[in-house]
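The values are calculated or read from the model by the stated rules, or taken from the named source; none is laboratory data. Remember, it's a predicted structure, so these values are computed and weren't measured experimentally. All Cβ positions, even for glycine, are placed from backbone atoms using ideal geometry, and neighbour counts span all protein chains on display. Areas reflect the complete protein model, heavy atoms only, side chains present, ligands, DNA and RNA absent. Shrake-Rupley method; radii C 1.70, N 1.55, O 1.52, S 1.80 Å.
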Amino acid sequence: MAENKSKNLLEVKDLEVSFFTYAGEVKAVRSISYELKPGEVMGIVGESGSGKSVSSYALMGIIPEPGKVIGGNIIFDGKDITNLSEKERLKMRGKDIGMIFQDPMTSLNPVFTVGNQINESLKKHTNLNKEERTARIIELFRLVGINQPEKRMNQYPHEFSGGMRQRVMIAMALACNPKLLIADEPTTALDVTIQAQIVELLKELKTKINMGIIFITHDLGVIADICDKVAVMYAGNIIETGSIDEIFYEPKHPYTWGLLRSMPKLNAEEHERLVPIEGNPVDLINPPKGCAFAPRCKHCMKICLEKKPPAYNISSGHDALCWLPIKDEYEKEVKNNGKSE
Ligand SMILES: Nc1ncnc2c1ncn2[C@@H]1O[C@H](COP(=O)(O)OP(=O)(O)OP(=O)(O)O)[C@@H](O)[C@H]1O
Ligand code: SF4
Ligand SMILES: [Mg+2]
């Protein structure tokens, strides 16, 4: 495999996260691994409950009770941050790693003005003086498209509409120019024009400050526009990963096939019928012994029910967790051997 030697910003190795509930252990993230370089954007797609948010909370060290990381490592900028103390985490959150949450109210405190909250973060993580901090907040508000920033920064979160709150949160996440930005469905509550502006802004930051971005979204158009690679999640696993072209045009996993059929096409002129993936998501307390997608897969074989598929390397950077390409490869080999005899 031709390896890119440039240094990784993030290395996630065999990460496992479980929630210890009264009903049992919910295995929300079941051993995922990936790497991200500075200035690289990785998209994460997958149906609701597949572990997209929880796996990114692990990077920030903010998995809610009763959940915890039970295995694996998170290496950020060459340092193992899997088990940092809360004090070390606080230093890092907002400064080195910024996060835009799915729900803006998760990160906005209702009792402080929005300007005050960004100011606190700048005070904690930068050497800017009071005037410079105010200037930075105004600059950030302009960047994310909030008019009258001088007035708006003195307002409270409840005085903003949903879309505006999302923009405030984006401004907050970007305030200290983090090395890594985790954007969890950052544009869903925004109208199309603002969505496009935010994506443009992130693209600019990716090149300008070499920011690595993890972009969780259901929007294939956004993925194609901003991401360098994609990870498809299903039942707590990354079941396929590859470049945009590999995932969109040469997908190898039956779940990815289904997912692509169930989402609007990139080309808006095509009005193809969307086909939902039949069947129910997996019970994460008692996941199947073999492939988690087996109960919903039209290509399921005997081995799929018995053994968890290994990661099959299709080409450099393109892997699928599925028996099907392995079987195809095996049959091809048998056929070729037969011919040469
Ligand atoms: N507080 C919790 N207690 C128990 N289980 C939880 C908790 N939070 C999440 N989970 C479990 O973790 C799994 C992954 O959740 P996660 O929020 O990461 O999904 P997601 O892929 O982000 O979905 P969505 O697209 O709806 O945002 C869920 O299926 C759920 O069972
Ligand atoms: S491993 Fe088997 S059941 Fe799972 S997706 Fe592949 S073919 Fe389908
Ligand atoms: Mg989520």
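Key figures
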read-out: Matching residues in region 207-236 - criterion: being of a type outside the set (A, V, I, L, M), crowded, with 20+ Cβ neighbours inside 10 Å and over 19 Å from residue 49 (Cα atoms); value: 212, 227, 229
read-out: Matching residues, region 102-119, being open to solvent by less than 80 Å² (accessible area, probe 1.4 Å), touching a residue at least 60 places away in the same chain (Cβ under 8 Å) and in a loop (DSSP other than H, G, I, E, B); value: 107, 108
read-out: Among (1) under 22 Å from residue 13 (Cα atoms); (2) among the hydroxyl-bearing types (Ser, Thr, Tyr); (3) more than 16 Å from ligand 3 (Cβ to nearest atom) - the single one residue 262 does not satisfy; value: (1)
read-out: Complete set of residues in region 306-318 that are more than 16 Å from residue 249 (Cβ to Cβ) and either open to solvent by less than 60 Å² (accessible area, probe 1.4 Å) or not polar (S, T, N, Q) (or both); value: 306, 307, 308, 309, 310, 311, 312
read-out: Any hit, region 281-290, residues being among the aliphatic types (A, V, I, L, M) and not in a loop (DSSP other than H, G, I, E, B); value: no
read-out: Residue that is nearest to residue 289 (Cα to Cα), among those in region 304-313 that are among the hydrophobic types (A, V, I, L, M, F, W, C) and modelled with pLDDT of 95 or more; value: 305
read-out: Qualifying position, being at positive phi, within 11 Å of ligand 1 (Cβ to nearest atom), in contact (Cβ under 8 Å) with a residue 24 or more places away in the chain and within 17 Å of the chain's Cα centre (by Cα), among 46, 61; value: 46
read-out: Looking only at region 69-87, and only at residues there that are open to solvent by 40 Å² or more (accessible area, probe 1.4 Å) and in contact with a strand residue (DSSP E or B) (Cβ under 7 Å, 6 or more places away or on another chain), the one that is farthest from ligand 1 (Cβ to nearest atom); value: 80
read-out: Residue match in region 239-253 (condition: in contact (Cβ under 8 Å) with a residue 40 or more places away in the chain, touching a helix residue (DSSP H, G or I) at 6+ places or on another chain (Cβ under 7 Å), open to solvent by 40 Å² or more (accessible area, probe 1.4 Å) and away from ligand 3 (no atom under 16 Å from the Cβ)); value: yes
read-out: Enumeration of residues in region 73-98 that are within 17 Å of residue 15 (Cβ to Cβ) and assigned to a strand (DSSP E or B); value: 73, 74, 75, 76, 79, 80, 97
read-out: Test result for residue 37, surrounded by fewer than 18 Cβ atoms within 10 Å (Cβ to Cβ) and not aliphatic (A, V, I, L, M); value: yes
read-out: Residue satisfying all of: in region 125-138; assigned to a helix (DSSP H, G or I), at pLDDT 95 or above and closer than 20 Å to residue 94 by Cβ; farthest from the chain's Cα centre (by Cα) among these; value: 130
